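Here's the structure we're looking at; comments come further down.
The values are calculated or read from the model by the stated rules, or taken from the named source; none is laboratory data. Everything numeric here is computed off the predicted structure, so don't read it as measured data. Here Cβ is always computed from backbone atoms with ideal geometry, including for glycine, and neighbour counts include all displayed protein chains.
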Amino acid sequence: MAGSIVDARPWIRAWEAVAERDGLRRLLLVLPTLVVLLVLFVAPLTAILRLSLLDPAPTARHYLEVVTNPTYLHVLGITFETAALVTLLCLALGYPLAYVMATVPGRLAGVLIILVIVPFWISVLVRTYAWMVMLGRGGLVNTLLLRLGVVEEPLRLMHNFVGVLVGMTHVLLPFAVLPMYSVMKNIDRDLLRAAENLGANRWQSFRRVFFPLSLLGVVSAAALVFVSALGFFITPALLGGPRDVLLSMLIERQVNDLTNWGFGSALAVVLLGLTLLVLIVFRRFLGTAAWGSVVEGR
């Protein structure tokens with residue numbers, strides 16, 4: 001029996017030589033990822049593009065409707081305005097928090113990181129419903145303001161633009177904090193000490209040394225938050241009002257309520273195109289080398 005066993009090692013060595021020579025091994029490693037992208041991204045995107053251009057004959061009327069109808073242009077404007085304001089709020093709130101996380105002792109920094117990451121474990125829908133409870137006329141925020149005597153009657157904090165900003169900022173804040181913290185943590189503290197030894201106070205060393213070095217994290221956070229906010233749906237749909245319609249909500253109404261798949265697909269393609277355009281602008285603004293550092297979180 002032992003004499004009939006074929007030694008497979010020569011075949012294995014031959015296969016490894018061929019794979020190494022032709023780069024087949026690398027292709028096999030990335031093949032599962034390529035298949036997933038092809039099935040879950042490229043194929044659906046192709047179907048959406050086809051629906052937007054065939055209705056049933058080839059046509060571009062859906063795209064012409066988007067760029068010529070004042071209503072849809074207004075929705076595009078609201079979408080960009082909301083994304084920009086949410087991005088600014090996330091940067092304004094997230095930068096001090098990221099700075100504290102990067103400068104406090106290790107154990108406290110670990111606790112703060114956990115507090116920032118915990119919301120990722122909770123559904124966006126659940127967090128949005130929690131804000132609906134807190135921002136209601138009898139919610140925690142209005143109750144606290146009334147008892148403190150800040151206001152005489154409950155404020156309207158929900159089903160308007162204020163509710164949209166509050167909810168989206170809360171959901172997207174971790175996407176701003178983590179990239180900025182990653183960059184701040186890797187800033188060489190010897191540079192700050194050198195600035196102080198040369199006569200700079202803490203504010204001057206922060207303004208002239210720390211802040212410029214942290215800008216890559218700021219831009220990375222801005223890109224993540226802005227792109228995510230462009231396609232946000234659940235939070236503005238639940239916390240916004242009739243005047244706070246974003247492009248993602250318009251797509252949902254066209255597909256589910258009006259069953260207008262062609263126009264809904266065209267809106268989806270426009271949203272994707274705008275997202276890619278924003279990313280291109282960020283890359284052109286920073287340059288290729290700096291953009292690579294942003295993407296890698298350095």
Scan the stretch 72-87 and give yes if some residue there is more than 21 Å from Leu246 (Cα to Cα) and surrounded by fewer than 16 Cβ atoms within 10 Å (Cβ to Cβ), otherwise no. no
Select from the stretch 140-165 the residues that are more than 29 Å from the chain's Cα centre (by Cα) and in a loop (DSSP other than H, G, I, E, B) and list them in ascending order. Gly149, Val150, Val151, Glu152, Glu153, Pro154, Leu155
Take the conditions of a type in the set (A, V, I, L, M) and more than 30 Å from Ser265 (Cα to Cα) and apply them to Val39. Does it pass? no
Identify all residues within the stretch 113-140 that are more than 18 Å from Leu172 (Cα to Cα), loosely packed, with under 15 Cβ neighbours inside 10 Å and of a type in the set (Gly, Ala, Ser); write none if there are none. Gly138
So how many residues does the stretch 90-135 have that are without any contact (Cβ under 8 Å) to a residue 12 or more places away in the chain and within 22 Å of the chain's Cα centre (by Cα)? 10
Without any contact (Cβ under 8 Å) to a residue 24 or more places away in the chain and of a type outside the set (Gly, Ala, Ser): is that true of Arg243 in this structure? no
Can you spot a residue in the stretch 95-106 that is assigned to a helix (DSSP H, G or I), modelled with pLDDT of 90 or more, assigned by TED's automatic domain parsing to the domain that holds Thr169 and loosely packed, with under 14 Cβ neighbours inside 10 Å? yes
